[in-house]
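> Got a structure for you, questions after.
The values are calculated or read from the model by the stated rules, or taken from the named source; none is laboratory data. Just so it is clear, the structure is predicted and the values come from calculations on it, not from any experiment. All Cβ positions, glycine included, derive from the backbone under ideal geometry; neighbour counts span all protein chains shown.
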């Protein structure tokens with residue numbers, strides 16, 4: 001579900017996994033990183049992930065550089081918030097590269113919110129309560145804190161193919177200042193964010209195009225197909241061919 005207009009600049013979407021029945025057979029979901037931080041509220045069994053697990057509590061999903069597989073089985077009752085890249089900073093006012101543990105957010109009454117959401121039966125109701133909590137946290141001077149949209153748009157408009165020097169020059173920033181802004185407000189470097197954007201474009205083209213892999217590698221700015229395959233494997237965890245045949 002998309003957020004209300006006031007939160008749309010910061011939140012990508014709210015989501016929930018609440019099947020009506022106990023899930024007996026394992027089901028796997030491949031989750032691709034878009035460069036945003038996430039919060040996951042779990043009231044069911046432990047959820048297994050490529051990079052760990054989510055206990056029945058609140059979990060912080062820091063900005064991931066690689067795709068991850070989540071295994072769904074048993075009693076599943078989960079609800080989550082996916083922030084846009086850089087979108088969490090105006091709420092928590094913590095440097096995103098230093099935010100690694102949900103305990104750093106406990107002063108924001110996350111445990112209380114977890115318990116309140118457990119008592120709300122509908123997805124829409126959970127979203128309304130969460131939006132109220134988020135609105136109460138939104139920094140009054142968020143327009144000064146939320147300075148990354150233009151930088152993100154520049155990278156996205158060029159499908160992650162600009163060099164750091166080009167991004168800095170077009171943004172009238174020094175490379176050092178650019179790196180500092182990204183680390184503080186997005187949580188990763190502009191180079192790593194650009195890589196995620198480029199791989200998102202690759203996955204889109206793979207799904208929608210009849211081009212050969214060699215043509216796609218050239219179209220999306222890779223040196224050659226070998227470089228394309230290595231980068232895809234590093235981020236997604238499988239080759240482009242394996243991704244297409246899933």
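> Need the failing condition index for residue 216 against (1) within 22 Å of residue 35 (Cα to Cα); (2) touching a helix residue (DSSP H, G or I) at 6+ places or on another chain (Cβ under 6 Å), just the number.
So the condition that residue 216 fails would be (1).
> Of all residues being surrounded by fewer than 17 Cβ atoms within 10 Å (Cβ to Cβ) and touching a residue at least 12 places away in the same chain (Cβ under 8 Å) in the range 232-245, which is nearest to residue 30 (Cα to Cα)? Just the residue, please.
Initial filter on the range 232-245 (surrounded by fewer than 17 Cβ atoms within 10 Å (Cβ to Cβ)): 233-234, 237-239, 241-242, 244-245.
Checking the rest, the ones that are also touching a residue at least 12 places away in the same chain (Cβ under 8 Å) come to 234, 237, 241, 244.
Values: 234: 15, 237: 10, 241: 16, 244: 13 Å.
Selected residue: 237.
> Within the range 56-67, track down each residue that is assigned to a strand (DSSP E or B) and either in contact (Cβ under 8 Å) with a residue 60 or more places away in the chain or touching a helix residue (DSSP H, G or I) at 6+ places or on another chain (Cβ under 7 Å) (or both).
Of everything in the range 56-67, those that are assigned to a strand (DSSP E or B) and either in contact (Cβ under 8 Å) with a residue 60 or more places away in the chain or touching a helix residue (DSSP H, G or I) at 6+ places or on another chain (Cβ under 7 Å) (or both) turn out to be 58, 59, 60.
> When the residues of the range 70-96 are narrowed to those that are touching a residue at least 60 places away in the same chain (Cβ under 8 Å) and over 21 Å from residue 49 (Cβ atoms), which ends up surrounded by the fewest Cβ atoms within 10 Å (Cβ to Cβ)?
Applying the filter and picking the extreme gives 95.
> For the range 127-142, state whether one or more residues are more than 18 Å from residue 85 (Cα to Cα), modelled with pLDDT of 95 or more and touching a strand residue (DSSP E or B) at 6+ places or on another chain (Cβ under 7 Å).
yes
> Can you list the strands (runs of 3 or more DSSP E) found entirely within the range 14-55 that contain at least 2 residues being surrounded by 15 or more Cβ atoms within 10 Å (Cβ to Cβ), touching a residue at least 60 places away in the same chain (Cβ under 8 Å) and not assigned by TED's automatic domain parsing to the domain that holds residue 191? It would help to see each step written out before you state the result.
Values: elements: 23-31, 38-42, 47-49, 52-54.
The strands (runs of 3 or more DSSP E) meeting that bar are 38-42.
> It is to be established whether one or more residues within the range 230-244 are within 20 Å of the chain's Cα centre (by Cα), outside the structural domain of residue 69 (by TED's automatic domain parsing), part of a helix (DSSP H, G or I) and within 21 Å of residue 83 (Cβ to Cβ).
Yes, some residue in the range 230-244 is within 20 Å of the chain's Cα centre (by Cα), outside the structural domain of residue 69 (by TED's automatic domain parsing), part of a helix (DSSP H, G or I) and within 21 Å of residue 83 (Cβ to Cβ).
> How about the range 218-228: which of its residues are within 19 Å of residue 197 (Cβ to Cβ) and free of Cβ contacts under 8 Å to residues at least 12 places away in the same chain?
Matches in the range 218-228: 218, 222, 223, 227.
> Return yes when residue 63 is under 27 Å from residue 233 (Cβ atoms) and buried (at least 19 other Cβ atoms within 10 Å of the Cβ) and no when it is not.
Working: under 27 Å from residue 233 (Cβ atoms): yes; buried (at least 19 other Cβ atoms within 10 Å of the Cβ): yes.
Yes; evaluated as a whole, the condition is true for this residue.
> Regarding residue 213, is this residue within 24 Å of residue 62 (Cβ to Cβ), without any contact (Cβ under 8 Å) to a residue 40 or more places away in the chain and not assigned by TED's automatic domain parsing to the domain that holds residue 95?
For residue 213, the condition - within 24 Å of residue 62 (Cβ to Cβ), without any contact (Cβ under 8 Å) to a residue 40 or more places away in the chain and not assigned by TED's automatic domain parsing to the domain that holds residue 95 - is not met.
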